[in-house]
Every structure is written in C-alpha cells, then in structure tokens.
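Report on one structure; see the data block that follows.
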Amino acid sequence: MILIITDPRDPHLPFVTKHLKKTEYVVLDVGVISAGGRLAYNFDKAGLKTTYEGKELKNVTGVWYRRPRVAKDDLHLNIRPDYRDYAYGALQKIVSQLYTLFDDAVWVSNLYAIRRADNKLLQLRVAEQLGFNVPESCFTSDPVAAETFVNKHRKAIVKSLSDEWPKPTKEADR
C-alpha cells in the first residue's frame, strides 16, 4: 500500500495516482481529520494498528508526503472558542504521530528532511560553504537590530520566516 498524505485537491495527485493502477493507495487528508474525520492508533499485544476513515493502513511500502496543512480557521469542530487552540494542537499531534511510523516504507519527501531544508539559516550556511556569494543577513525579533541592519545597507529585502499570513480585515482593505 502507498500512503499519500495530502489534500485530495492537490493538483499533482492525478499525475501520480494514474501510475498506481495495480497498487493500493490511500490519500490521507489532514483536513478531513480537522472536520471530525477518523484517524486512530491502537496498540495491543498484536502490535500497532493504524486506521484512517475505517481503513487499516497496513503493509505500507511507500509514503508520499506533500506538506498538508490545516489552519486553525479550517477547524470544523463543534467546540467552544476558548478550546480552539487546544483542539488544533491536539489534532496536529495526532497527525504528527504518522511521521514516526512506517519505518520500512520508502518516504518520498521525508518530513524531517523537508523541515531541515526549510531552515533559512541552514540554507545560508550551506550556500556559503558551497562558495555562493551570500549577502549580509539579519534574522531577528529585535526591532532595533532590524532597523540598524536596514539603515546600514542601501538596499534591503525583508522576508518573513512564517508560513502563515495574516488574513486581511475590512480596515486593512481601505
């Protein structure tokens, strides 16, 4: 079985699944879980059994991880607003348990390799080690350090490290 962890609307999905005609595969949609879907891990004397939407994930030989994300606003659970952060964190944890399973499977886009490669400081260090001309850079949460850096350079590029973007408000739209 191939486990594909992505949004079913992922535009890359049909290009891959058309080649899996003779191979069983499951598309695990993290969004389904945030909407009350079922992902369960049961551990007993027979070992660990993982099920998703009632289907046992067994004999997994390959995992294709496509960076699924669920924003807090995507939660469709009937819970009190003051429990939303807790529920979001709990759902993230239940899904993250998957990433330690299926040791014998071939992982395409290994989660830990993706996270390591996404580290901007590591990217700069490796680029410098490989001989690239790396510009002076400043990563900071200190507004004084940021202002000092920008004032020191005639031109500066500002880039967020966050993958999250604020949602526009009506006031911001004016």
Kindly check whether there is at least one residue in the range 53-64 that is modelled with pLDDT under 90, closer than 28 Å to Ser160 by Cα and under 16 Å from the mean Cα position of the chain (by Cα). no
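If a residue has to be of a type in the set (Phe, Trp, Tyr) and more than 14 Å from Leu57 (Cβ to Cβ) to count, how many in the range 12-33 make the cut?
So in the range 12-33, the residues of a type in the set (Phe, Trp, Tyr) come out as 15, 25.
Still in the list and also more than 14 Å from Leu57 (Cβ to Cβ): 15.
Total satisfying the criteria: 1.
Go through the range 136-163 residue by residue and tally those that are of a type in the set (Lys, Arg) and surrounded by 11 or more Cβ atoms within 10 Å (Cβ to Cβ).
Selection size over the range 136-163: 0.
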Scanning the range 111-146 for residues that are more than 30 Å from Leu101 (Cα to Cα) and among the acidic types (Asp, Glu) gives Glu128, Glu136, Asp142
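From the list Ala46, Ala35, Ala40, which one is modelled with pLDDT of 90 or more and among the small types (Gly, Ala, Ser)? I'd like the intermediate steps shown before the answer.
Working: Ala46 fails: modelled with pLDDT of 90 or more; Ala35 fails: modelled with pLDDT of 90 or more.
Sole residue among the options that is modelled with pLDDT of 90 or more and among the small types (Gly, Ala, Ser): Ala40.
The values are calculated or read from the model by the stated rules, or taken from the named source; none is laboratory data. Please read all numbers here as calculations on a predicted model, not as lab measurements. All Cβ positions, glycine included, derive from the backbone under ideal geometry; neighbour counts span all protein chains shown.
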